[in-house]
Structure formats: C-alpha cells, structure tokens
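The structure appears right after this line, and notes come after that.
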Amino acid sequence: MADFSKSPRVSVIIPAHNERGSVEHTVRAVLGQEYPDFEVIVVDNASTDDTGAVAERLGARVVREPRKGILFAKEAGRRAATGEIIAGLDADCVASPDWIRKGVSYFTKPDIVAVTGGYIYDDISPFMRTFIKWGFSIVQTRLNAFMQWRRHGAYMIGGNCFIRAAALEKIGGFDTSIPFLGEDTDTATRLSAIGTVSFAKDLFVRSSGRRFLRDGYIKTYLTYLKSDAAVFKRARQARQKGSS
C-alpha cells in the first residue's frame with residue numbers, strides 16, 4: 001500500500017459536456033492548488049462547444065470521449081490518469097486552494113479506499129444553502145457510516161471525492177452501464193466491499209444548485225433517493241446470490 005504521508009500524486013478528473021461557461025473557473029481553481037504533485041484531466045465528453053479548447057488553453061490535459069455519458073467520461077479519465085489517487089470534480093465546481101491537500105489528509109489508514117464530501121451551493125437561498133450544508137456535515141456523514149456498519153453499501157458525491165487508484169482498479173473501475181443517476185452510490189458501494197468509504201464533514205467544494213432551481217428541492221431529493229435505493233437493492237441481491 002502506498003505511503004500517503006509523502007504527498008502521493010493526485011489525478012483530478014473533470015468530466016465536461018458543453019461546460020464552456022463554467023469549466024474555466026473550475027480548472028483555474030484546481031491549477032491553483034496548494035499541493036506539490038497533481039495533474040488536471042478534463043474529459044471533453046462529446047461537447048459541441050469549445051469546452052475542450054478552453055481547458056487546454058488554461059493548461060489542463062484534455063482527453064476526448066465521444067460516447068456521451070458521465071461514466072464513459074470518468075472511466076476515460078481514470079484510464080488516462082497517472083496518480084495514486086483519483087480525485088473527482090464536476091465541471092461546475094470550484095475548489096478552495098487546500099482542497100487536494102485536505103482530501104489526501106484523510107487517507108490516514110490503509111483500509112480507507114475513498115473520501116468524499118459535500119457541496120456548498122452558491123446560487124440558492126441562504127437558508128437552503130445552510131440547511132443542505134448541515135445535511136452533508138451531520139446527516140450524510142452518519143448515514144454513510146451506518147450503511148457501511150450494516151454492510152448495505154456507501155454514499156459518494158462524485159463531484160467531490162478522492163479514491164485510491166488501486167482500489168478503483170480492483171473493483172473494475174466505473175460501471176459505464178449506468179447512464180447517470182445512482183452512479184456515485186454504485187461506485188461507493190462497490191468500494192465499500194474492499195475498504196472504508198469516509199464521508200468527511202468538512203470537505204466541501206462550491207457548486208451550482210441549478211438542478212434544484214430547475215426541478216425543485218423535493219423532486220430532486222426524491223429522485224436521488226430512489227436511484228440510491230435501487231443501487232442498494234441490486235447490491236443486496238448480488239450478495240444474496242453470491243452466498244447461496
């Protein structure tokens with residue numbers, strides 16, 4: 001197992017489909033990280049705008065994935081990565097300068113295979129921003145720990161996560177058969193079978209609440225809840241089939 005006390009190389013993967021308007025802020029924030037050894041990989045996922053060109057001009061390494069789908073993009077980024085840790089960041093997220101350093105610092109034990117955190121939404125009401133941040137810090141951290149204690153699976157926020165590259169390779173990488181919803185929970189649940197997925201209460205990135213604003217808070221929450229439940233159900237059925 002790699003010694004993560006010696007600043008392991010980190011590969012930050014940013015999937016991006018037609019994100020020309022936001023990817024510049026995301027890439028600039030990552031390139032300004034206070035960390036000695038990292039690379040930034042923007043996966044241009046079938047964009048019809050100049051997302052890839054913008055990222056390349058800023059200094060990011062651009063990988064082009066013509067098959068549209070976030071997990072096609074993530075898997076292409078994973079295969080191109082050279083780091084001991086794979087960090088996931090959405091194209092509309094902005095990380096603080098200490099984001100990588102803080103993320104790596106959670107790998108204090110060899111059984112920790114992944115660390116994830118929440119979002120701070122800049123463009124929603126102050127009340128909802130605070131309420132959702134509280135949910136990530138208090139509710140999600142405890143629920144994630146409980147789910148793993150019960151061996152039901154784990155949660156992950158794919159736009160704010162750090163994963164041991166070796167562990168991700170061991171579980172076969174990202175499951176590209178999943179189109180979108182539930183993909184992060186699927187990755188976390190499969191990782192939890194070989195180690196611990198930690199949900200950090202103070203690891204945040206700034207993001208856009210555009211999905212909440214478009215679909216509403218309740219509908220968005222219930223949609224994610226339903227997709228996560230489906231992932232846990234599949235995992236439970238697989239365990240039962242394996243033990244029979």
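The values are calculated or read from the model by the stated rules, or taken from the named source; none is laboratory data. Being a predicted model, the structure only gives us computed values, none of them experimental. Here the Cβ is made from the backbone with ideal geometry for all residues, glycine too, and neighbour counts use every protein chain on show. For accessibility, only protein heavy atoms count, side chains too; no ligands or nucleic acids. Shrake-Rupley method; radii C 1.70, N 1.55, O 1.52, S 1.80 Å.
Overview of results
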read-out: Under 18 Å from Lys241, Cα to Cα: aspartates and glutamates that are on another chain or at least 8 residues apart; value: Asp186
read-out: Theoretical FRET efficiency, 1/(1+(r/R0)^6), r = Cβ-Cβ of Asp98 and Lys133, R0 25 Å, to 0.05; value: 0.90
read-out: Size of electric dipole in segment 108-160: Cβ of Lys, Arg +1 and of Asp, Glu -1, about Cα centre, debye, nearest 20; value: 280
read-out: Unit charges on C-beta of K, R, D, E only; dipole of the chain, Debye; value: 1000
read-out: Percent carbon-and-sulfur accessible area, the chain, ignoring ligands, DNA and RNA, probe 1.4 Å; value: 55
read-out: Cα gyration tensor, segment 189-244 - rounded (a/c under 1.5), prolate or oblate; value: oblate
read-out: Proximal lysines to Lys133, defined as alpha-carbon separation beneath 29 angstrom and excluding residues fewer than eight positions away on the same chain; value: Lys74, Lys102, Lys109, Lys201, Lys219, Lys226, Lys233
read-out: Per residue accessible area of segment 90-167, 1.4 Å probe, in Å²; value: 46
read-out: Charge dipole (the chain, unit charges on Cβ, about Cα centre) - positive-most of Pro66, Met147, Ala200; value: Met147
read-out: Partner aspartates and glutamates for Lys6 [C-alpha distance under 17 Å; skip if fewer than 8 residues away on the same chain]; value: Glu34, Asp37, Glu39, Glu84, Asp98
